[in-house]
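The values are calculated or read from the model by the stated rules, or taken from the named source; none is laboratory data. Since the structure is predicted, the reported quantities are computational estimates derived from the model, not experimental observations. Reconstructed Cβ throughout: ideal geometry from the backbone, glycine too, with neighbour counts over all protein chains shown. Note: areas computed on protein heavy atoms with side chains; ligands, DNA, RNA excluded. Shrake-Rupley method; radii C 1.70, N 1.55, O 1.52, S 1.80 Å.
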Amino acid sequence: MAITLLRRVTSTRYIFLLSGLVFILWSLATSLASKSFTLSALLQMDLDQSMTNTVITQHSPNATNASSSLSSVTMPNSPQIRPHLGIGIAHTHTYVISLADRQDRREQMEFLRTILDLTWTVVDAVPGNATLVTRILDWVALLRAESKRTGTLGFRWPKEINALSISHEPLDKSGADTWAETLPSSKSKSDKFGPSTYSGLPCAIEDESIPTFTNGTPEWMVLSPAKVACWHSHISAIRRFVEGYDSHDRRHEEDVAIILEDDIDMEKDFSTRLSQVWISLPAGWDIVFLGHCWSDEAYYPSLTAFTNTNLHPSHYPKCTHAYALSLSGGRRLLQHLRYPPFAYSRALDQAYAWLIRSGRLRSYSVVPSLVVQKKSGSSDILPGSGSEWRDSLRDGVFQAQT
């Protein structure tokens with residue numbers, strides 16, 4: 001009987017021990033679940049606060065720069081937001097390329113700037129009859145003649161382009177950088193500058209292929225002084241951005257340049273629509289076409305899904321009246337544009353299009369164009385009002401004036 005009683009006590013003790021163990025495990029699980037919930041809530045609060053701060057930073061009224069109104073829309077809560085890009089804050093620099101004697105265009109650009117509340121720097125364009133243009137044409141003709149005579153082909157881009165593009169060191173003068181200042185070695189210093197002694201220069205295609213020039217060569221394939229002047233003018237604006245001529249501080253990686261020509265119209269809501277697509281711009285981009293011509297820039301699938309404006313990988317964009325450059329993209333572009341024999345070898349937009357198609361530039365296009373050429377007066381590049389291409393805006397600034 002004593003043994004039976006002992007067995008009952010032992011059994012009861014085990015039951016209590018098991019009950020206690022179950023209670024402890026249940027309490028521990030409840031505590032861990034509570035802490036997990038609290039941690040998740042805190043993380044979500046931090047994430048939400050981070051997104052809120054991102055929007056506030058991009059929409060700060062104290063941010064003053066060349067395109068301060070580019071941040072006029074509310075950014076969505078998305079991990080793709082990258083506020084360091086500089087659009088709408090102090091790291092955007094806008095340049096307008098304009099001939100000094102085209103006061104008609106400068107007055108129109110001033111009207112455009114006032115209506116859109118933008119700020120920019122005017123870069124004096126080089127006229128086609130400038131001495132430096134003649135010198136450059138002489139260099140181009142000389143190099144082509146020497147290449148034809150010696151049969152030296154084997155075109156190769158410099159290996160250091162990528163490294164120098166992301167470097168913080170100044171880009172020393174190289175290649176065609178000195179053509180505007182020096183005579184080709186075969187030219188006598190006593191030669192008078194006027195029209196180039198070389199005539200009938202065709203525009204190159206691809207890297208350095210030179211078509212045969214004939215009487216039937218179309219105007220857009222003739223390497224004219226105006227095309228060379230345009231090339232040099234854009235290089236001047238890009239170099240000003242890359243080297244920080246308009247800043248007392250060194251350039252930052254997030255700096256962005258917007259390059260505009262002086263015969264343009266822009267959407268009234270340009271800033272809003274550009275801000276919408278800008279957040280989807282992939283890292284490592286070089287150039288973004290804000291306007292384009294002679295190409296279907298919706299050819300590749302869009303990176304965005306907005307109603308009025310979207311961002312696409314560039315197909316083969318022409319025209320250089322409106323584009324944006326990252327700092328590394330500006331350095332990369334300069335190195336290509338100054339490399340003989342590619343330098344000054346064709347119309348500038350043909351050069352950009354080939355660099356994009358051949359994979360030398362990482363380019364994207366805003367579709368439809370937010371900036372178009374007005375073509376309301378005489379062209380500085382082609383006869384008449386320029387090419388036959390015409391584009392329109394949904395609600396352009398100058399549309400209400402016509």
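For this structure, a couple of remarks:
- Here the label points at residue 101 and residue 302, each 7 Å from Cα along the C-beta direction, are separated by 4.5 nm in the simple model.
- Listed residue pairs exceeding 32 Å between alpha carbons, taken from 173/318; 148/318; 159/374; 148/227; 159/227: 159/374
- Computed over protein heavy atoms with a 1.4 Å probe, the carbon and sulfur contribution to the accessible area of region 220-353 reaches 53%.
- Rounded to 0.05, the FRET efficiency of the residue 124 and residue 149 pair, given R0 = 35 Å and the Cβ-Cβ distance, is 0.40.
- Where labels lie 7 Å past Cα in the beta-carbon direction, separation of residue 252 and residue 174 in nm: 2.8
- Taking 0.36 nm per residue of separation and subtracting the current Cα-Cα distance, fully stretching the chain between residue 157 and residue 208 would add 17.3 nm.
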